[in-house]
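Right, one structure below, let's go through it.
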Number of protein chains: 2
Amino acid sequence: MECTIALAAGLLGDGWNLLILRSALFGASRFAEFQDRLAIPSTTLTRRLDALTDQGFFSRQRYEERPPRNEYQLTEMGREVLPILVAMGAWAGKWLTPDCAPFEFVDSETRRQVEPVLIDRVSGKEIRPGGVAVVPGPGASARLRRTVLGPLSLG
Amino acid sequence: MECTIALAAGLLGDGWNLLILRSALFGASRFAEFQDRLAIPSTTLTRRLDALTDQGFFSRQRYEERPPRNEYQLTEMGREVLPILVAMGAWAGKWLTPDCAPFEFVDSETRRQVEPVLIDRVSGKEIRPGGVAVVPGPGASARLRRTVLGPLSLG
């Protein structure tokens, strides 16, 4: 499976992983803090935190020896998941829970609800269907060039 | 599960669903077009297209009666998945396949690679950790207010 989106989906497309990352982005770092925020079985939480650490989302630090306790700090790779989560949250709030969103994202300073929009830093334009095309990257295989990026890709 | 991100993850966090949506966003609408782009078993493709239609991502139109053939057009809800996919693709390209991205997103007109960045349309500021806080929405339960959105949420 050579699609980077599918790779990302494998890592991020899991409810627990997303909830753990969201909790971390909003301040949780210790085991008990994740557990307080998420009604998650502790064996599941242990397993997920270990896997997310191995995958590079967290770095782990021992902060207490007896009993042994770890702290999980987001790496830069982990912190950069925030825009994906905010975009997913905004989309879901609009389309899945239009009048009953359980939470909202606000600007930390002004406390006004944010209206997330994805733009291209190069052109400043909003990224919309039709405005972007997909082209083979340096790692594209012959099959990918022939099929996924075939004649129907917009551009 | 009251978290909208988790709801979105349930729908979007699946490799096949994302690949189907990506193919649609870049031009596929007929069964054979999806099949050509994705090495997907046809029973899986049928099941996924039906489910994505029921969930509101596609509308289905019969374009041929004998044999019966359907076309799947993205709804507005489906089209608005694009920013999430582009954000995921950019994140994965940077962190998972830094030198061997299988594909890249380019501006349709200039053909220059896009650098997606999520901004707040209200303030114009980039959305980054620490810059946004999460607050209860109209549908927040008492438990959610107490835990997920507890004292550690940034803001």
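To the nearest Å, what is the center-to-center distance of the stretch B:50-128 and the stretch A:77-146, using C-alpha atoms only?
Between the Cα centres of the stretch B:50-128 and the stretch A:77-146 lies a distance of 9 Å.
Per residue of the protein assembly as shown, what 222 nm ellipticity follows from adding -39500 (n - 2.57) for every DSSP H run with n ≥ 4, rounded to the nearest 500?
Calculated mean residue ellipticity at 222 nm is -11500 deg cm²/dmol.
Accessible area per residue of the protein assembly as shown at 1.4 Å probe, in Å²?
Solvent-accessible surface per residue comes out at 46 Å².
Could you work out how far helix A:15-25 tilts from the main Cα principal axis of chain A, as a 0 to 90 degree angle to the nearest 10?
That works out to roughly 70 degrees.
With +1 on the Cβ of every Lys and Arg and -1 on the Cβ of every Asp and Glu, and nothing else charged, how large is the dipole of the stretch A:34-77 about its Cα centre, in debye rounded to the nearest 20?
Rounded to the nearest 20 debye, it is 140 debye.
Would you work out which of A:35, B:25, B:108 lies farthest towards the positive end of the dipole of the protein assembly as shown? Charges go on Cβ: Lys and Arg +1, Asp and Glu -1.
Farthest towards the positive pole: A:35.
Using a Förster distance of 35 angstrom, determine the FRET efficiency expected from the C-beta separation of residue A:55 and residue A:121, and round it to 0.05.
Calculated value: 0.85.
What is the calculated FRET efficiency for residue A:94 to residue A:47, with r their C-beta to C-beta distance and R₀ = 35 Å, to the nearest 0.05?
Calculated transfer efficiency: 0.60.
Any idea of the total accessible area buried by the B-A contact, 1.4 Å probe, rounded to 100 Å²?
Adding both sides of the contact gives about 8700 Å².
What nm value, rounded to one decimal, do you get for the distance between residue B:128 and residue A:108 when each label is placed 7 Å out toward the C-beta?
Going by the 7 Å Cα→Cβ label model, 1.0 nm.
Taking 22 Å as R0, compute the FRET efficiency from the Cβ-Cβ separation of residue B:64 and residue B:39 and round it to 0.05.
Once the sixth-power term is evaluated, E becomes 0.35.
Under the convention of a label 7 Å out along Cα→Cβ, give the distances in nm from residue B:125 to the same position in every other copy, shortest first.
Distances to the matching label points in the other copies: 2.8 nm.
Protein chains only, probe 1.4 Å: how do B:54, B:14 rank by accessible area, largest first?
Correct descending sequence by accessible area is B:54, B:14.
When only DSSP loop residues count, what chymotrypsin sites (Phe, Trp or Tyr not before Pro) in the stretch B:3-44 have their Cβ near at most 14 other Cβ atoms within 10 Å?
Within the stretch B:3-44, no chymotrypsin sites (Phe, Trp or Tyr not before Pro) qualify (loop, at most 14 other Cβ atoms within 10 Å).
If I take every Cα pair under 8 Å that is 6 or more residues apart in chain B, average their sequence separation and divide by the length, what percent do I get for the relative contact order?
Across chain B, relative contact order equals 13 percent.
Quick one: label points 7 angstrom along Cα→Cβ at residue A:39, distances to the other copies in nm, smallest first?
In nanometres, ordered from closest: 4.2.
Given Cβ point charges of +1 (Lys, Arg) and -1 (Asp, Glu) and nothing else, what value in debye, to the nearest 20, does the dipole of the stretch B:1-81 about its Cα centre take?
Dipole size: approximately 260 debye.
Between chain A and chain B, with a rotation axis joining them, whose C-beta in A is nearest that axis, and what is the whole-Å distance?
Of all Cβ atoms in chain A, the one nearest the axis gives A:13, 1.
Count the net charge of all other residues whose Cβ sits under 15 Å from the Cβ of residue A:42, scoring Lys and Arg as +1 and Asp and Glu as -1.
Net local charge, residue A:42 excluded: +2.
Starting from a label point 7 Å past Cα on the Cβ side, list the distances from residue B:68 to the same position in the other copies, nm, shortest first.
In nanometres, ordered from closest: 6.0.
For residue A:40, what accessible surface area do you get with a 1.4 Å probe? Give it in Å², rounded to 10.
Probe radius 1.4 Å; accessible area of residue A:40 about 10 Å².
The values are calculated or read from the model by the stated rules, or taken from the named source; none is laboratory data. Everything numeric here is computed off the predicted structure, so don't read it as measured data. Note: ideal-geometry Cβ built from the backbone for every residue, glycine included; neighbour counts use all protein chains shown. Just so you know, the surface numbers come from the protein's heavy atoms only, side chains and all, with ligands and any DNA or RNA stripped out. Shrake-Rupley method; radii C 1.70, N 1.55, O 1.52, S 1.80 Å.
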